[in-house]
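Participant: Okay, handing you the structure first.
The values are calculated or read from the model by the stated rules, or taken from the named source; none is laboratory data. Because the structure is predicted, anything quoted here is derived from the model rather than measured. Please note: Cβ atoms are built from the backbone with ideal geometry, for glycine as well, and neighbour counts cover all protein chains shown. What goes into the accessible areas is simple: the full protein's heavy atoms, side chains included, and nothing from ligands, DNA or RNA. Shrake-Rupley method; radii C 1.70, N 1.55, O 1.52, S 1.80 Å.
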Amino acid sequence: MAHYQKLLTIPSTPKSFVKITSQINRIVTESGVNTGLCTLFLRHTSASLVIQENADPDVLIDLANFLAKLVPEDEKYIHSAEGKDDMPAHIRTALTHTSEQIPIMRGNLVLGTWQGIYLWEHRQHRYNRELVVHISGD
């Protein structure tokens, strides 16, 4: 079984979704793995990964609006040293994922027709987020 790893730096924009599907596809191709598994791990606690609708951007807007209502920034949180958006970002990340696993078949990610991979920035600032891409298989 072969293993291939790459560390990506992904610039985010405030409170947004950054589509990273094509970057991950390129790494899968680079790896030469035909059948296996692609594991993604985001090295942060205030951003997350989601596999979500890639055709209608309204889905992403509705997700962001729902999570903003579920975890408001105007609550009184004990942890507030990094700003009023920091603790809500940690909670939002805890409710979503910092890792995803996607099968590889015939050298391609086995995503559904309408699925895309996104980094979801929960903070009100730009960051360079680090994503570990680990591919294993034959």
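Participant: Mind listing just one residue for me: the one in the stretch 38-84 that is assigned to a loop (DSSP other than H, G, I, E, B) and touching a residue at least 40 places away in the same chain (Cβ under 8 Å) and, of those, nearest to Gln101 (Cα to Cα)?
Facilitator: Arg43
Participant: For the stretch 106-124, how many residues are under 19 Å from Thr45 (Cα atoms) and either modelled with pLDDT under 95 or among the charged types (D, E, K, R) (or both)?
Facilitator: 2
Participant: Please state which one of Lys19, Lys6, Lys15 is within 11 Å of the chain's Cα centre (by Cα) and basic (Lys, Arg).
Facilitator: Matching residue, one of Lys19, Lys6, Lys15: Lys19.
Participant: Looking at Arg92, Arg129, Arg106, Arg123 in this structure, which one is over 23 Å from Leu7 (Cα atoms), crowded, with 19+ Cβ neighbours inside 10 Å and touching a residue at least 12 places away in the same chain (Cβ under 8 Å)?
Facilitator: Just one listed residue meets the conditions, Arg92.
Participant: Further question: Those residues that are open to solvent by 60 Å² or more (accessible area, probe 1.4 Å) and among the aliphatic types (A, V, I, L, M), I need them from the stretch 56-66; list them, please.
Facilitator: The one that is open to solvent by 60 Å² or more (accessible area, probe 1.4 Å) and among the aliphatic types (A, V, I, L, M): Ile61.
Participant: Within the stretch 1-37, track down each residue that is polar (S, T, N, Q), open to solvent by 20 Å² or more (accessible area, probe 1.4 Å), in contact (Cβ under 8 Å) with a residue 12 or more places away in the chain and in a helix (DSSP H, G or I).
Facilitator: Residues satisfying the conditions are Gln23, Asn25, Thr29, Ser31.
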